[in-house]
Amino acid sequence: MKRNKTEEDVYILAIESSCDETAAAVVKNGRQVLSNIISSQIDLHTLYGGVVPEIASRKHIERINQVIETALSDAGMTLEQITAVAVTYGPGLVGALLVGVAEAKAIAYAADKPLVGVHHIEGHISANFIEHPDLEPPFICLVVSGGHSHLVMVKNYGEFEILGRTRDDAAGEAFDKVARAVGLGYPGGPKIDKAAREGDKHAIRFPRAKVDGSDYDFSFSGLKSAVLNYLNHAQMTGEEVSVPDLAASFQYAVVDVLVTHTMEAARALGCGKVAIAGGVASNSELRSEMKKACKKAGLTFYYPSPVFCTDNAVMIGTAAYYEYINGVRSGWDLNAVPYLKLGER
């Protein structure tokens, strides 16, 4: 959607608090980042081996005002200069979401600014617009993170068709569980990725699941169980386990399924553009294999920088811009919706 040069600039103050990152950003006209502030809780949750929802919510309350003030300061802007306030309202941890939603509503009301609620997955998809000015819908986007594995047809800005989704564990969730099982700890994705670089991805043949009647759906529970069974068998027989080989083989099995399904969908739908998004989109094996597959198929491949793959407010501001210019406004009754589906309002 091209802007008319005579139109006024749109400045979005965006807030993201769906999990364990307290983030705020100012985005100009959907694609220009004026500030990007992220306060991560990862060191704190590492102590527990995963995100503790109540702790995450408390930390959001402690940090959110400072994060927003810094985002405005770094952008050199005041609230009066902001066009609208955007916030993630689902899906995510309900307590964490509520902190961001309440803050955004209070700021928008006090400053007399429009409020725009944004779907978290729409935000991840929109992260691709930040660094790729040439990218316009339609395109296929693979969204993979700790909580989501979606294959989405992006028909237009704010218009999506879900082609496939996970039937059990999300890809990132499987990474975390396998990392914990082999003693790598939390967060699992980066640790598996790092260990895999020293291993042989063909050392162990792990299964690739196919969901009957749903060509593009994912299932990683069986793969996770196969890894646990391999570890248990090695323990019972006294075999030594090569963690780098196991990490590389497991990672390759996940990536193989993700890439195969994406390529099959692009071919079937005749779509020439493919993008990836979400925390797992920063995985080096996924980027490498998707790049190779797209080149072989003659498709254009898009992916965000790692800082825009994990949860951030810039992606929310980008998504909100297109919702805003399409006339979307949220009321003061906006609430957190932890299981919000893509495309719902």
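The values are calculated or read from the model by the stated rules, or taken from the named source; none is laboratory data. Since this is a predicted model, take the numbers as computed values, not measurements. Quick reminder, even Gly has a Cβ in these numbers, built from the backbone with ideal geometry, and neighbours come from all protein chains shown.
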**Asked** List, please: which pairs have Cβ atoms under 7 Å, are six or more places apart or on different chains, and start with a residue in region 123-146 that is under 20 Å from G164 (Cβ atoms) and among the acidic types (D, E) and end with one that is modelled with pLDDT under 95 and not in a loop (DSSP other than H, G, I, E, B)?
**Response** none
**Fill in**
When every residue in region 35-50 that is out of contact with any Phe, Trp or Tyr (no Cβ under 9 Å at 6 or more places or on another chain) and not hydrophobic (A, V, I, L, M, F, W, C) is compared, the one farthest from D20 (Cα to Cα) is S35
**Complete:** Among A86, A71, the single one that is within 17 Å of N29 (Cα to Cα) and assigned to a helix (DSSP H, G or I) is A71
**Message:** Of everything in region 194-234, what is in contact with a helix residue (DSSP H, G or I) (Cβ under 8 Å, 6 or more places away or on another chain), in a loop (DSSP other than H, G, I, E, B) and of a type in the set (S, T, Y)? Give them in sequence order.
**Reply:** Y216
**Message:** Looking at F175, F139, F160, F206 in this structure, which one is at pLDDT below 95 and either within 20 Å of the chain's Cα centre (by Cα) or over 18 Å from T262 (Cα atoms) (or both)?
**Reply:** F175
**region 14-67, residues that are among the aliphatic types (A, V, I, L, M) and in a loop (DSSP other than H, G, I, E, B)** = L47, V51, V52
**Asked** Under 7 Å by Cβ, and 6 or more places apart or on different chains, what pairs join a residue from region 26-39 that is over 10 Å from Y11 (Cβ atoms) with one that is of a type outside the set (A, V, I, L, M) and surrounded by fewer than 18 Cβ atoms within 10 Å (Cβ to Cβ)?
**Response** R31/P133; S35/D74; I37/T70; I37/D74
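To keep it simple, each residue is scored yes or no on (1) outside the structural domain of A84 (by TED's automatic domain parsing); (2) closer than 27 Å to G331 by Cα; (3) outside any helix (DSSP H, G or I).
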{"site": "A110", "(1), (2), (3)": "no, yes, no"}
{"site": "E122", "(1), (2), (3)": "no, yes, no"}
{"site": "C141", "(1), (2), (3)": "yes, no, yes"}
{"site": "E161", "(1), (2), (3)": "yes, yes, yes"}
{"site": "D176", "(1), (2), (3)": "yes, no, no"}
{"site": "G183", "(1), (2), (3)": "yes, no, yes"}
{"site": "I192", "(1), (2), (3)": "yes, no, no"}
**Residue among K292, K296, K341 that alone is surrounded by fewer than 21 Cβ atoms within 10 Å (Cβ to Cβ) and assigned to a loop (DSSP other than H, G, I, E, B)** = K341
